[in-house]
1. Leaving out ligands and nucleic acids, and using a 1.4 Å probe, what accessible area per residue does chain A come to in Å²?
2. May I ask you to derive the FRET efficiency for A:Tyr120 and B:Leu286 from their Cβ-Cβ distance with R0 = 22 Å, giving the value to the nearest 0.05?
3. Would you calculate a helix-derived [θ] at 222 nm for the protein assembly as shown, using -39,500 (n - 2.57) for each DSSP H run of n ≥ 4 and dividing by the full residue count, to the nearest 500?
4. Just reorder B:His236, A:His41, B:His85 by solvent-accessible area, largest first, 1.4 Å probe, all chains present.
5. Using the Cα centre of chain B as origin and beta-carbon charges of +1 (Lys, Arg) and -1 (Asp, Glu), tell me which of B:Thr138, B:Thr263, B:Met121 is placed farthest towards the positive end of the dipole.
6. Nearest 100 Å² is fine: what is the total accessible surface buried where chains A and B meet, probe 1.4 Å?
7. Separation of region A:1-46 and region B:102-158 by C-alpha centroid, Å?
8. What are the ³J(HN,Hα) values, in whole Hz, obtained from phi via the Karplus relation 6.51 cos²θ - 1.76 cosθ + 1.60 with θ = phi - 60°, for each residue of region A:140-146 in sequence order, with x given for Gly and Pro?
Amino acid sequence: MNTQLLLIQVFNGLVNGAFYALLSLGLAVIFGMLRIVNFMHGALYMLGAFTAFALGQAFGLGFWPSLILAPLIVGLIGVVLEWSLLSRLYGLEPSYNLLLTFGLTLLTQDLVKQVMLSQYAVSSAPYTPPAALSGVVNLGFVVFPKYRLFVIGLALVVCLVTWLVIEKTRVGAIIRASTENPNVTRAFGIDVGKWVTGVFGVGVGLAGLAGVLAAPIYSVEPYMGAELIITTFAVVVIGGMGSILGSVVTGFAVGVLAAVGAALYPPIANTLVFILMALVLLVRPSGLFGLPEGAR
Amino acid sequence: MTVLPRTAARTSRERNVRAAWLIGLGIILLVLPRLIYPVLALDILAWGLFAVAFDLLFGFSGLLSFGHAAFWGTSAYVTAFLLSHGQSVPVAMLGGTGAALLVAVPVAFLSVRSVGIYFSMITLAFAQMLSFLALQWTDVTGGENGLQGFARPGFLGLDFSDSVTRYYFALAVFAVGFYVAYRTVRSPFGQALQAVRDNEQRAQSIGYNPTRFKFTAFLISAGLAGLAGSLFTFGHGVVSLEVVNWRTSGEVVMMTLLGGTTTLFGPVIGAGLVLLLRDVLTTANLPVGIVTGLVFVLVVLFFRRGVVGTIQGWRRK
């Protein structure tokens, strides 16, 4: 295979990796802080894309306003879900959160399918990137679509900012304290419940953002999150559950490895991530960046 | 889970209750193909056994497998493959079940060392590997098209082209599978398994090896799921990618929860309810995913003990 093709594959891998990273980052934030395994993350990613599409249809809003509004709306949906449903399961086994969000996934996917069919008479809709980002860039050694470069760049920035906020700021300190020891944190006059709800909203908002970004690449359809969420789960297990850094690094790495692997031996494309996961688990059961179980 | 003192009176009452459930369930299953289409009835047997197999792991070992479609699906494909290559029904079923067991060994080895939600995600990922394999290995699995149109040669004078005969043969197989699950749970092994589930450290300190118990339970569960998968193929005469899809893994969880975990009878009833509901919805042209999703959410939120668990709860009062 020639170098040019390989480089294109690496870039495409980075684009996929950007989505893995954004989604697993949201999952990591939610799991790390709330101990919720949000199976619904893929459905919320799809809702992000669908909201952008619906905003365009209803109000003629383009990509840029949707890029801000859709994650906010999805985040708000997340807040309502956490407050009304998920909070009822705290104190029970985390499995029940997984099961509840699994049920919500089935519900959301088919609900969106019904709406798309009845309102817009489509089962899958293309979504155009903004004019400023259409066309290609010549990077000297390879020509690459502008929009895809933008996705890689924005995902990197968002991941970095999230990591900085959680690790380096006072807000992050409060969030970490709320999860380490809710009672003591409460004693300092901090409303832990509100913070937990907020964190869930932000994590889910990240999924919504990924959805809007994905719409021009993969087009909008009700089941677009279904397979992606499974791969993202594998990414999370490889990176170490709840590890912010692990999810971002592993997300991009898995994207690139899968793309390069696919170029060398096409049938392996979708399986590579699970083979990787099995190998990592043999050596490090808690994931590459995860703390051993019980040490948390 | 609170452990009640096992006095003689209590044990005999428990035995009566169990016998009542067994007789009730037995009668329903015997007359089922007279009430609904035999193929749907056979589906209930297959999914019911699948749910029992799942409950062995979830209810009695505390391990939430989110990838049980792997064993169900492997067996479904292998059974179909063997049937289409001229093997007899019992050979195909045993072959399917054996294949499911074979697949389960490495999966169990890698997954039972993890606990809680880790275990769920690892089993899910392995099931996905199998699902991609089924998609790509078209020579064996038929890929997107699946396998269909294979023969079901008669056995011991039974004519399997008749769906009612098929049902009663399946009922016999189901009974064997159910008995295995029942014996496992009631055996000293099953008791130790529940001890490991309730308090792993304590079980270990009295000399049990938790990992080995979970490993064995995983294999029994996977084998039974395999047997159920072969029944499904036998009943339908068609295998599609749906059998290895993650939704299948989720659906068996739903059936078990709805019927009641740790009850063994519950999962069968849960499977029946879900399949009947789905049948009604498809015939009435209602959106299946919305309703089943809603039922799932309501069960997890408000009805975690399931049908049988709730009824048993009333009786204990």
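1. 42 Å²
2. Efficiency, rounded to the nearest 0.05: 0.55.
3. -25500 deg cm²/dmol
4. The most accessible residue leads, giving B:His85, B:His236, A:His41.
5. Value computed over the given set: B:Thr263.
6. 3800 Å²
7. 26 Å
8. Along region A:140-146, the couplings run x, 9, 7, 9, 9, x, 4 Hz.
The values are calculated or read from the model by the stated rules, or taken from the named source; none is laboratory data. Values in this document were obtained by computation on a predicted structure and should not be read as measured data. Using ideal geometry, Cβ is built from the backbone for each residue, glycine included, and neighbour counts are taken over all protein chains shown. The area values use the complete protein model at the heavy-atom level, side chains included, leaving out ligands, DNA and RNA. Shrake-Rupley method; radii C 1.70, N 1.55, O 1.52, S 1.80 Å.
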